[in-house]
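Okay, structure first, notes after.
Nothing in this text is a laboratory measurement; each read-out follows from the coordinates by a stated rule. Here the structure is a predicted model, which means the values were calculated and not measured. Virtual Cβ from ideal backbone geometry, glycine too; neighbours counted across all protein chains shown.
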Amino acid sequence: MRTIAIGILALMCCGCAAPAYDLVSHDPESPWLAGQRWVRTESSRATVSASFDRCWLDHLGFEVEVVNQTDAPLVVDPKQFTFTLASSAGDLPHSLAQRFAAEDPARMHTRLEQATPSGGVLDPLLLVAGVAVVALAVLAGTIDPAPNQDSAYEDPGYAPGTGGCVAPQTSAEDPDPQPVKWVPVSDFDRERERSMGELLQRTELQPGQSVRGEVWFPAKPLRRLLGSSPSPGHGITAAPPRAPSDHALTLRTPEALGGQEIVYSIAME
């Protein structure tokens, strides 16, 4: 039984990895340290600074700061940020030769609220394999099928999503408050809360004012581009190797801000 379970686990763990990558600015003055790779662009309307933050939940996150350089109010609309892709080998598919718009911050906030550590998507084959592993483990006596009565989710003082504890509950029959369990916030929940709080919203900037926040893009177009150039050692579902080519991503600011462009090389890790 153990051998079969291990085999199924091995099947689940291979073949699903995607190429790891980073976006590196062409600006030679842009520092390399993660989170500090700011690139500043100027126009007569606005100064826009941007830094590629991370790829998370199948989205690309850019931290952006905008300063109004005009004498009149300036509207910053995150939905009007776009990016384009390029390949020096000239093999860019027609479907990727277009501008891709940033996510609506309201919709992105909803997606983040509903997000799960697995991304909310379960492959049916992997789900069946996972169920099989649990069933085999129970049969082999390696897992106790009885629920864990000490789970934090069973505690009346625990509220999922609160990141800690809630006030003890009392009643007329039981005036003494129940002990409260402190439940640490997971890294995923902490990252999600941070992301929701930092989303750049549509803002009207007065002259000289600035605003800062994150602009999110769907990562699917970039994944499709890099799918033709997988990193060595990927599983059986990876695309077949092709001749290497240099890829680039160009971040473009809204026309209202000057339409500046920031070019990033796509570095495979």
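Annotations for the structure displayed:
- Sorted by Cβ density within 10 Å, fewest first, the residues V66, V211, V75: V75, V211, V66
- Label point distance in nm, T116-R212, each placed 7 Å from Cα along Cα→Cβ: 3.6 nm
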